[in-house]
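Chemist: Could you have a look at this structure, given as structure tokens, before my questions?
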Amino acid sequence: MSDLAELNQQLENAKAVASQKEKIERLMQNRDFKELIVDGFMRDEAARLVGLSADPNIDAKDQHDCLSMAQAGGHLKRYVNVMIQQGHTAEREIPNIEAALEEMRSEGEDD
């Protein structure tokens with residue numbers, strides 16, 4: 001693959017990652033999503049499951065299952081944060097990639 005093709009691919013990938021960040025940010029601002037997933041699942045249900053995992057009246061397997069389910073919200077939150085962080089990085093890279101592409105194209109015209 002040529003350098004020009006590689007840069008075009010990098011630009012396409014960076015734009016896709018930046019677009020995903022925008023989508024997840026819109027989703028996180030959606031009132032229903034926030035109420036049902038962010039507050040309801042990632043916070044309230046996780047807290048309930050952690051409390052249930054400490055109940056001495058349930059067996060060890062169920063306690064373990066409760067903790068595992070409670071962690072799901074944390075994993076989702078981490079996934080969202082990683083998507084946003086990667087999107088910010090991609091947004092910062094796009095102008096650099098575009099500048100490199102422009103430079104490559106102008107050098108090709110000079111030859």
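The values are calculated or read from the model by the stated rules, or taken from the named source; none is laboratory data. Not measured: the values here are computed from a predicted model. So basically every Cβ, Gly included, is an ideal-geometry build from the backbone, and we count neighbours across all protein chains shown. Surface areas here come from the heavy atoms of the whole protein model, side chains and all, with no ligands, DNA or RNA. Shrake-Rupley method; radii C 1.70, N 1.55, O 1.52, S 1.80 Å.
Chemist: Run lengths n ≥ 4 of DSSP H only: what is the helix-derived mean residue ellipticity at 222 nm for the chain, with -39500 (n - 2.57) per run over all residues, to the nearest 500?
Modeler: -28000 deg cm²/dmol
Chemist: Please get the size of the charge dipole for region 10-61, origin at its Cα centre, with Cβ charges of +1 on Lys and Arg and -1 on Asp and Glu, quoted in debye to the nearest 20.
Modeler: So the dipole magnitude of region 10-61 works out to roughly 220 debye.
Chemist: Translational diffusion coefficient, Stokes-Einstein: compute it for region 39-90 using the Kirkwood radius over C-alpha pairs as Rh, at 37 °C and 0.692 mPa s, and state it as an integer in µm² s⁻¹.
Modeler: Using the Kirkwood radius from Cα pairs, D works out to 274 µm²/s.
Chemist: Using θ = phi - 60° and the Karplus relation 6.51 cos²θ - 1.76 cosθ + 1.60, list the HN-Hα couplings for region 88-98 in order, rounded to whole Hz, with x at every Gly or Pro.
Modeler: 4, 4, 4, 4, 6, 7, 4, x, 5, 5, 4
Chemist: Heavy-atom accessible area per residue, region 1-93, 1.4 Å probe: how many Å²?
Modeler: With the other protein chains kept in place, region 1-93 gives 71 Å² per residue.
Chemist: Then there is this: Plugging the Kirkwood radius over Cα pairs into Stokes-Einstein for the chain, at a temperature of 25 °C and a viscosity of 0.890 mPa s, what D comes out in µm²/s?
Modeler: Approximately 143 µm²/s, per Stokes-Einstein.
Chemist: Run the quick spin-label model on GLN63 and LEU101: label points 7 Å from Cα toward the beta carbon, then report their separation in nm to one decimal.
Modeler: So the two model labels end up 5.7 nm from each other.
Chemist: Something else now. How far is it, in nm, from the label point at MET28 to the one at SER2 when both lie 7 Å from their Cα along the line to the Cβ?
Modeler: Going from the MET28 label point to the SER2 one covers 4.0 nm.
Chemist: Within straight cross-link reach of LYS23, meaning Cα distance under 28 Å, which lysines are found once same-chain residues fewer than 8 apart are removed?
Modeler: Once the sequence-local lysines are set aside, what remains near LYS23 is LYS15, LYS34, LYS77.
Chemist: From the P(r) of region 1-51, could you give the percentage of C-alpha pairs in the tail past 13 Å?
Modeler: Beyond 13 Å sits 69 percent of the P(r) for region 1-51.
Chemist: Starting with the highest mean, order 22-28, 41-47, 59-65 by the number of other Cβ atoms within 10 Å, averaged over the residues of each peptide.
Modeler: 41-47, 22-28, 59-65
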